[in-house]
Amino acid sequence: MKRIQTRRVIASVFAAILFVVSADNDGSGFAQSPSSSSVRGSSGSGRPVIIPVTIRVKGRTAPGELELQTVDLTVSEDGEPQTILSIRAMGTNAPINLIVLVQDDVVSSIGLEIKPLSDFIRRLPRDSRVFVGYLRAGSLQIRHKFTADLEKAAKSLRSPAGVAGAAPYNPYVEVIEALRRFDSQPAGRRAILLISDGLDISQGISSSSAGQSSDLQRAINEAQRRSVAIYSFFAPTVTSSTDGNLLFEGQSSLNRLSDETGGHAFFQGLGVPTSFDSFIKELRLDLDKQIALSYLSTHPRKGFHRLKLISSTPDVELDYPAGYTRK
């Protein structure tokens, strides 16, 4: 998918959306789980669900080239149309609860990216809260618990160990552990930035496939339940950097993790990224263009509910969770 290069085009998208759909009346942020209260809507009683959505425009449209008067959004849950209650832009100034996770056995050159990652944390919106951890053998190493002191969070980042002995063998178990840290945090938009090779080899090479890792699926489920968008930066590890098949499987797993949680996966071929600068720039754009979409769910049963969002406006693309699990 090509990335957006113009802010003015996206600004017009948001203006059109907010013209078409009424502003959020209750002032709440993302719902971390569907509300237990019922709401009476045009399609009968149901429960409000709020999901994070990122809106982007295809291609590299020049400023002023695309004029959008309306943006049509429709939401379906389990194949049935649902009623949109509100759409609220989050944007640059909305605080975010962010977990930064670094796999500790990624190649040592990733240590050169610690400074731009630290600067990214420092530039987050005011009142954001950040958690920093490292995925390594044994369990999640916590470098800093959630804090609103962005300077302290930024300084807690360190260069990865870059040795095979630090390998977690299964990054998704520790991603799940990190996701549970959101449970003690206030409501609001939530995201994880994961720097990893994406490989689960805990059960052998066969378990590294994106369709074979049960812990990858568990991580997706837990993120969807908590409305956490997972953004992933691919980085080879000291053990995977020379095996093209493993690198491809790892990228496929990260792509699935991000796509199904409403985030985005960033790669530069199969090799070591020359720099995270372009990744960070595009991640900022994604976070700047994120909205909270609230709709009335008419499916009260427990279990997984699949979502589908469509825009009939030409050239508009949407990133959103593949669904959510109701308990």
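Just so it is clear, none of the values below were taken in a lab; they were calculated from the coordinates. Keep in mind that this is a model prediction, so the values were computed, not measured. Cβ: placed from backbone, ideal geometry, glycine included. Neighbour counts: every protein chain shown.
Annotations
- Electrostatic dipole magnitude of the stretch 79-134 [Cβ: Lys, Arg +1; Asp, Glu -1; Cα centre; debye, to 20]: 360 debye
- Of 145/281; 58/308; 152/289; 145/327, pairs whose Cα-Cα distance is over 23 Å: 145/281; 152/289; 145/327
- Length-normalised contact order of the stretch 96-287 in % [C-alpha pairs under 8 Å, at least 6 apart]: 23 percent
- With contacts taken as Cα pairs under 8 Å and at least 6 residues apart, the stretch 88-206 reaches a relative contact order of 36 percent.
- The relative contact order of the stretch 102-161 comes to 46 percent, based on Cα pairs under 8 Å that sit 6 or more residues apart.
- Point-charge dipole on Cβ atoms (K/R +1, D/E -1) for the stretch 96-287, about Cα centre, debye to 20: 820 debye
- Gyration tensor (alpha-carbon) shape descriptor, the stretch 213-327, a/c threshold 1.5: oblate
- Dimensions of the stretch 96-287 from C-alpha coordinates, computed as largest minus smallest value along each principal axis and given longest first, are 43, 34, 31 Å.
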